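First the structure, in the form of structure tokens, and then the observations on it.
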Amino acid sequence: MALATDTQGRHSVSPDGRFLFDSDEDVDRGPDFAAIRGSAEFGALRRRFRRFVFPMTALFMGWYLAFVLLAAYDHPFMAIQVLGLINMGMVLGLAQFVSTVVIMLVYTRYARLRLDPALEAVRASSGEHS
């Protein structure tokens, strides 16, 4: 018994061309992912996604690395008292959590305003409905 795979990644073991897990009523084979991946709408969606994610990731990683380096090598700076027993290290450490939440909120807004319309364009061009 030989296992054959078509261009959409489906596996067939029967000589009549039926695919594993297909039923008789399974006429619709689903979306053509290769065509979607090659479409202009999908390319625009990927560019919009990358335009936000890559710079934001670099910014956050730089901020995190700066915090770690300060904590490891600049003890006098991190020990500066800000308010009572609260020092600069505690403030910057809590700022890591705050910046994570801010990035999440900014991304959510960006996705709602910029990515979701582009995703709908990809779905419309592929004939899929949300």
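No lab work stands behind these numbers, since they all come straight from the coordinates. Quick caveat, the model's predicted, so the values are computed rather than measured. Cβ placement follows ideal geometry from the backbone for every residue including glycine, while neighbour counts extend to all protein chains displayed.
Skipping prolines and chain starts, which residues have an amide H placed within reach, meaning under 5 Å, of the one on N87, given they are 5 or more residues away or on another chain?
V82
Take D32, D74 and order them by how many other Cβ atoms sit within 10 Å, fewest up front.
Least to most surrounded, the residues fall as D74, D32.
Please sort 116-125, 52-61 by packing, taking for each peptide the average over its residues of neighbouring beta carbons within 10 angstrom, highest first. Kindly include the intermediate steps, with their values, before the conclusion.
Details: 116-125: 14.9, 52-61: 11.9.
Per-residue mean Cβ counts within 10 Å order the peptides as 116-125, 52-61.
Quick check: residue separation of V106 and D32 times 0.36 nm, minus the Cα distance between them. What number comes out in nm?
Between V106 and D32, full extension yields 23.4 nm more.
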